[in-house]
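This report refers to the structure that appears directly beneath it.
Nothing in this text is a laboratory measurement; each read-out follows from the coordinates by a stated rule. Just so we're clear, the structure is a prediction, and the values are computed from it rather than from any experiment. Ideal geometry is used to build each Cβ from the backbone, glycine not excepted, and the neighbour counts take in all protein chains shown.
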Amino acid sequence: MNESVPYFQDKEFNMPVTTFVSMILAVIAASGMTVWAMAEFGVLKVLPALIAVGLLVRWGLTHVPGDDEPA
């Protein structure tokens, strides 16, 4: 088995329209809440929370080694 070729390289995945629209709406809602929070509470109180959320997302999206090898 060639380890240099990713498993999903030649496969095509179609995202459902509802998932795509939900992602777009979530981004718009999050940006609106960010603008509102900065206007309401100030940048110095909101910025640490944004940094913490960004680091949490970065940690959650880190690469996890494949676990689909035979035992």
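From largest to smallest, the equivalent ellipsoid semi-axes obtained for the stretch 17-60 from the alpha-carbon gyration tensor read 23, 16, 4 Å. What's the local net charge at Leu50, with K and R +1, D and E -1, over the other residues with C-beta under 15 Å away? Residues near Leu50 contribute +1 overall.
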